[in-house]
Each structure stands twice: as C-alpha cells, then as structure tokens.
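The values are calculated or read from the model by the stated rules, or taken from the named source; none is laboratory data. These numbers come from a predicted model, not from an experiment. For neighbour counting, all protein chains shown are included, and Cβ atoms are generated from backbone atoms with ideal geometry for every residue, glycine included. For the accessible areas, the whole protein counts, side chains as well, though only heavy atoms, and no ligand, DNA or RNA atoms are used. Shrake-Rupley method; radii C 1.70, N 1.55, O 1.52, S 1.80 Å.
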Amino acid sequence: MEVKVEVRFLRAEATMAFPRGRLLAVRGGRLYVLAPDGWDAVGGRRPEGARPISREEAVRWCRFEGFGEEVLEQVPLPG
C-alpha cells in the first residue's frame, strides 16, 4: 500500500544566480531544493525569506525555468 505524504512548495528569494528564486519542497518534514538533475535534500531549516506557494504557482515556475511539471510528483519520500 502506497502512503501519501503531503508536499508543500516554497520559493526562495531571488539572487543573482537565481533571479526567479529556487523551488523548494517540504515532504514529511524534510526540505528539498530542485536542482538541474532532480530534488536534493537540504539540511537545516527553510531559508529565511522563502515563502509558501501554491501548486499552480510551482507549475508556472517549472514551466518558466524549463522543467516539466511532472517533477512536482517526484519529490522523494524522506527515508
């Protein structure tokens, strides 16, 4: 039986390297950042200034940055 664990999305503040910020996800209490090769676990707490966004906003961010929206379904389960 597959366990469904809610995913919340956030967007980090813009920087020179990432003018539209970075897409973050929290699943099962674990923080992840979307990197070019998929989701990477991040230690610690959410970055200051990161704000929650809706799934629809996350889809728009993905499209603008060149990711398929299916990446939103690929946030790992904490293990």
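The figures follow:
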quantity	calculated
Pick from region 11-37, criterion modelled with pLDDT of 95 or more and touching a helix residue (DSSP H, G or I) at 6+ places or on another chain (Cβ under 9 Å), ranking: farthest from GLU70 (Cα to Cα)	ARG11
Unique match (being part of a helix (DSSP H, G or I), surrounded by 15 or more Cβ atoms within 10 Å (Cβ to Cβ) and in contact with a strand residue (DSSP E or B) (Cβ under 9 Å, 6 or more places away or on another chain)) among LEU34, LEU24, LEU72	LEU72
Qualifying residues in region 49-61 (those that are in contact (Cβ under 8 Å) with a residue 24 or more places away in the chain and farther than 18 Å from ARG27 by Cα) - the one least open to solvent (accessible area, probe 1.4 Å)	TRP61
